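The values are calculated or read from the model by the stated rules, or taken from the named source; none is laboratory data. Quick caveat: nothing in here was measured; it's all calculated off a predicted structure. Cβ placement follows ideal geometry from the backbone for every residue including glycine, while neighbour counts extend to all protein chains displayed.
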Amino acid sequence: MAALDALPEAQRLHARVGHSEAVKRLAMPAQRDKTTIGPMEWVSLDGRTKDFWAHNGDGKPRRYTFLALVDCATNFILGWTLAESENARATQALIKSVCAKWGIFDRLYPDNGSAFAGHLVAGGAVKKFRNSGAKMEGVKPLGICHHLGIAIHFALPGNGQAKTAERTFASLSRVLDDRPEFKGAHAGHMPGAAPDSKVVPVPFETALAVCTREVARHNAEPGRRGQGMNGRSYQAVFEAGLSKRLKRTLTARQLYLSGLIYTPVKVNRWGQIEIDTWTYGAPDTQDMLLPYNRKGEAVLLGRDPDDFTAPALAWNAKDELICEGIQPVIRGAYGSVDGIRQAATNRKAARAAVTAAAEANNYLDNAELNAALAAIPSPGAPTTAPAAVVAGQFSGKLKQRKRVNAPADVEDEELELVGQLARGKRFLTEEHLKNLDKATAPKQGLA
């Protein structure tokens with residue numbers, strides 16, 4: 001034992017707990033000066049499973065997850081929610097509500113959990129410390145941080161002490177999870193604990209009220225001694241710094257884009273998009289979507305998750321907006337007049353598009369018109385002799401034959417013979433006629 005104590009600390013830890021744990025215990029934490037940043041510049045995101053059981057009216061005990069956004073400069077809890085699990089949908093709603101109340105923050109500092117590194121939140125981010133070996137090809141869904149202009153910096157995996165939200169949970173849980181309101185509903189500190197028959201879950205409204213009260217106390221309690229606090233509360237320091245910040249207001253456009261769900265889809269040959277049991281696409285967006293069918297590229301379709309009958313929009317793989325206002329196709333009753341009218345409207349739109357395309361094809365710009373006019377020969381100018389015209393031959397390759405010129409006297413006799421035929425004159429001599437009579441006369445003795 002004395003020999004082990006005489007070894008250096010690194011050697012002792014390596015022998016006792018192994019390489020990785022020894023490195024973790026000996027690594028000195030980085031020291032950061034929070035007074036160098038202002039409110040809403042860095043915001044920490046995390047979730048923690050609460051240590052009490054609650055139910056939402058059905059009597060079934062559940063351990064809800066406390067999701068929170070904490071300002072790194074002041075430790076002020078910007079917003080929080082109780083969700084049944086740490087999921088992306090609840091995280092997206094929390095970010096949206098915080099930005100609507102306090103303005104858009106600059107940077108988000110989460111861990112690499114699936115609820116935070118998924119497409120709904122971090123879609124479009126480059127480095128997420130997640131799924132590094134399976135990169136998604138082609139068009140990628142965009143998250144709420146992309147649409148709001150929030151930069152994402154993911155914490156290193158297994159480095160919980162670097163997250164402000166983790167330290168906030170540690171101090172908040174000591175005064176929240178063990179409240180007398182949760183008598184008979186305590187779950188302990190193990191995340192995988194299961195309720196037994198003695199558990200009496202509290203109503204969800206009770207849990208919500210206790211969390212609301214304790215978060216307000218955490219923010220407003222004076223006498224804080226952290227960096228830059230000077231005995232003030234987290235809320236007082238936050239409000240003082242926020243008054244010096246130019247507020248990034250959440251616009252209606254950003255709110256709309258961040259609330260959509262995005263799905264990579266293909267465009268069919270009619271310029272429409274089919275997803276699940278829905279079809280999107282009308283004649284007014286057909287021309288903008290058809291090129292992606294010809295190229296075989298997927299597009300990113302954004303839809304309102306609460307109303308699939310609302311118009312959709314589409315993005316390409318370069319994060320460029322293709323078009324919006326893509327109307328859904330509402331299926332009519334079989335054999336109805338409305339279907340006939342819709343088909344006639346579609347045919348009319350197609351005829352109008354083809355007519356416009358034909359006019360565009362027939363149109364010549366100035367350069368093309370000048371080139372066409374220059375190719376027309378002027379009157380009196382020598383013309384080029386036309387090439388010889390031959391009959392079609394499909395048995396083999398056409399070969400060029402050398403032309404043999406006939407003698408002049410032969411050509412003259414042929415021309416004279418043609419002229420006599422045209423004038424209806426006889427061209428047989430008397431001798432020719434006599435020989436012809438002898439040949440055709442019946443021979444004597446054979447009659």
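Here are the numbers for this structure:
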read-out: Residue in the stretch 24-41 that is surrounded by 21 or more Cβ atoms within 10 Å (Cβ to Cβ), within 34 Å of the chain's Cα centre (by Cα) and closer than 30 Å to Y262 by Cβ present; value: yes
read-out: First in the stretch 295-321 and under 20 Å from T279 (Cβ atoms), second anywhere and of a type in the set (D, E) and in a loop (DSSP other than H, G, I, E, B), Cβ under 6 Å, 6 or more apart; value: A310/D304
read-out: Residue satisfying all of: in the stretch 232-246; assigned to a helix (DSSP H, G or I) and free of Cβ contacts under 8 Å to residues at least 40 places away in the same chain; nearest to K101 (Cα to Cα) among these; value: E239
read-out: Residue within the stretch 318-325 that is modelled with pLDDT of 90 or more, of a type in the set (V, I, T) and surrounded by 15 or more Cβ atoms within 10 Å (Cβ to Cβ) present; value: yes
read-out: Every residue from the stretch 312-327 that is part of a loop (DSSP other than H, G, I, E, B) and closer than 18 Å to N268 by Cβ; value: N316, Q327
read-out: Unmet requirement for M40, which otherwise passes all of (1) under 18 Å from L156 (Cβ atoms); (2) not in a strand (DSSP E or B); value: (1)
read-out: Answer residue from the stretch 152-175, given it is at pLDDT below 80, of a type outside the set (A, V, I, L, M, F, W, C) and in a loop (DSSP other than H, G, I, E, B) and is surrounded by the most Cβ atoms within 10 Å (Cβ to Cβ) among those; value: K163
read-out: Tabulated pairs, the stretch 93-104, first charged (D, E, K, R), second buried (at least 19 other Cβ atoms within 10 Å of the Cβ) and in a helix (DSSP H, G or I), C-beta under 9 angstrom, 6+ apart or interchain; value: K96/I144; K96/L148; K96/S258
read-out: Failed condition for F52, given (1) surrounded by fewer than 18 Cβ atoms within 10 Å (Cβ to Cβ); (2) over 35 Å from the mean Cα position of the chain (by Cα); (3) in the same structural domain as A165 (by TED's automatic domain parsing); value: (1)
read-out: Test: residue in the stretch 124-134 that is closer than 22 Å to K266 by Cβ and at pLDDT below 70; value: yes
read-out: Verdict on V98 being assigned to a helix (DSSP H, G or I), β-branched (V, I, T) and not assigned by TED's automatic domain parsing to the domain that holds V199; value: no
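This table checks each residue for (1) under 42 Å from the mean Cα position of the chain (by Cα); (2) buried (at least 18 other Cβ atoms within 10 Å of the Cβ); (3) in contact (Cβ under 8 Å) with a residue 24 or more places away in the chain; (4) not in a strand (DSSP E or B).
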| residue | (1), (2), (3), (4) |
| --- | --- |
| T212 | yes, no, no, yes |
| H218 | yes, yes, yes, yes |
| N230 | no, no, no, yes |
| R248 | yes, no, yes, yes |
